[in-house]
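The structure appears right after this line, and notes come after that.
No value in this document is a laboratory result; all are computed from the given coordinates. What you are looking at is a predicted structure, and each value in this text was computed from that prediction instead of being measured. Cβ: placed from backbone, ideal geometry, glycine included. Neighbour counts: every protein chain shown.
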Amino acid sequence: MKRKLQIGVMGSAADLNYSKHVEELAFAIGKCIAESGNITVYGAEKDYDSLSTAASRGAKSAQGFTVGVTYGRGKDIWDTEGATDFIVVTGIERGGGREFVLVNSCDVIIIVSGGSGTLTEAAIAYQSNIPIVALTGTGGWADKLAGEYIDDRKRLKVESAQTPEEAVQKAIALTKSK
């Protein structure tokens, strides 16, 4: 039996005031991951909602399996709808520590909008040769990195996608070419 892909969804936290439309796109990505038969992995926040959490809700709406990687201690995460099946408690803080565990638990990551945390996650993926897909039209680092290399080493290009469906299809295809 082939192992299911662990597809990470990284994006802005609620304190970046993303739009309802962008939240719906993140939800749709999670739903598409679940419909593809794969696992949604995301950064589980403790104090507020995020686009990553929206993706986990989307995955659960299609009966998908979700893994939330959280910082600090304890399993008390922002999950008002029970959208997380498995919580990984890293015991380390966000801002560099938790992100290593999160990204290295993924076969590929999809970024949606995103602030400094998403940039950190993209850089970790790049350093680890983990493919990255950016959903364009969502703002933040997703728009800035789409179609670009993160540095002059040109290890792997951040692939761009215009729809949630295309993002998940590209993510799956990138794992096959690895």
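What residue, among those in region 65-86 that are without any contact (Cβ under 8 Å) to a residue 60 or more places away in the chain and within 15 Å of the chain's Cα centre (by Cα), is farthest from Val168 (Cα to Cα)?
Among residues in region 65-86 that are without any contact (Cβ under 8 Å) to a residue 60 or more places away in the chain and within 15 Å of the chain's Cα centre (by Cα), the one farthest from Val168 (Cα to Cα) is Thr70.
Output the residue which, of all residues in region 131-161 that are among the hydrophobic types (A, V, I, L, M, F, W, C) and touching a residue at least 60 places away in the same chain (Cβ under 8 Å), is farthest from Ala54 (Cα to Cα).
Filtering first and then ranking leaves Ala142.
In region 56-68, is there at least one residue being under 18 Å from Pro131 (Cβ atoms) and either out of contact with any Phe, Trp or Tyr (no Cβ under 8 Å at 6 or more places or on another chain) or aromatic (Phe, Trp, Tyr) (or both)?
Among the residues of region 56-68, not one is under 18 Å from Pro131 (Cβ atoms) and either out of contact with any Phe, Trp or Tyr (no Cβ under 8 Å at 6 or more places or on another chain) or aromatic (Phe, Trp, Tyr) (or both), which makes the answer no.
Please go through (1) within 13 Å of the chain's Cα centre (by Cα); (2) outside any loop (DSSP other than H, G, I, E, B); (3) touching a residue at least 60 places away in the same chain (Cβ under 8 Å) for Thr175 and return the number of the only condition it doesn't satisfy.
(1)
Among the listed residues Thr118, Thr84, identify the single one that is of a type in the set (S, T, N, Q), crowded, with 21+ Cβ neighbours inside 10 Å and outside any loop (DSSP other than H, G, I, E, B).
None of the other options fit; the residue is Thr118.
Filter region 141-172 down to the residues that are polar (S, T, N, Q), closer than 21 Å to Tyr42 by Cβ and part of a loop (DSSP other than H, G, I, E, B) and list them by number.
Of everything in region 141-172, just one residue is polar (S, T, N, Q), closer than 21 Å to Tyr42 by Cβ and part of a loop (DSSP other than H, G, I, E, B), namely Thr163.
Of the numbered conditions (1) assigned to a helix (DSSP H, G or I); (2) in contact with a strand residue (DSSP E or B) (Cβ under 6 Å, 6 or more places away or on another chain), Thr138 fails exactly one; give the number of that condition.
Every listed condition holds for Thr138 apart from (1).
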